[in-house]
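Since the structure comes first, as structure tokens, the remarks are kept for the end.
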Amino acid sequence: MSAFLEIMISILLLIGGAFTLIGAIGLVRLPDFYTRLHGPTKATTLGVGAIMVSSVLYFSHGGETGISEILITVFLFMTAPVSANILAKAAMHIGVNTAEHTRGNPWDQ
């Protein structure tokens, strides 16, 4: 394995770990349900995506790419926004309150 490839894998793992950590901190620290959705769906999706791309690079030997890692990454990028949208709509439907300082209620228009 070349040094350049190892550096790229290391950078992707560090970026993925940082985004995943930021998403987890956001999940814990943000004030209400709607803002907490952004942690796992935005930052963590990018973090896991970077980790999966580094896995594809690491396990691709002699031109063979890992199709399972690519499929997992595509599935993750397709399902995370859809599930967050469904969770937000369900929360609006049952009337989950927002934090006090949240401005506007777009679903009341």
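The values are calculated or read from the model by the stated rules, or taken from the named source; none is laboratory data. All figures in this text were calculated on a predicted structure; none of them were measured in a lab. No Cβ is skipped: glycine too gets one built from the backbone with ideal geometry, and neighbour counts run over all protein chains shown.
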Could you tell me whether the stretch 30-43 includes any residue that is closer than 30 Å to M1 by Cα, assigned to a helix (DSSP H, G or I) and under 16 Å from the mean Cα position of the chain (by Cα)?
yes
Only one of L57, L5 is over 30 Å from V96 (Cα atoms), in contact (Cβ under 8 Å) with a residue 40 or more places away in the chain, loosely packed, with under 15 Cβ neighbours inside 10 Å and of a type outside the set (S, T, N, Q), namely L5
Does any residue of the stretch 6-25 turn out to be assigned to a helix (DSSP H, G or I) and either among the charged types (D, E, K, R) or touching an Asp or Glu at 6+ places or on another chain (Cβ under 6 Å) (or both)?
yes
Testing G66 on (1) surrounded by 14 or more Cβ atoms within 10 Å (Cβ to Cβ); (2) modelled with pLDDT of 80 or more, one condition comes back false. Which one is that?
(2)
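Please pick out the residue among L5, L46, L27, L14 that is over 23 Å from F75 (Cβ atoms) and within 16 Å of the chain's Cα centre (by Cα). Reasoning before the result, please.
On the way: L5 fails: within 16 Å of the chain's Cα centre (by Cα); L46 fails: over 23 Å from F75 (Cβ atoms); L27 fails: over 23 Å from F75 (Cβ atoms).
After ruling out the rest, the residue left standing is L14.
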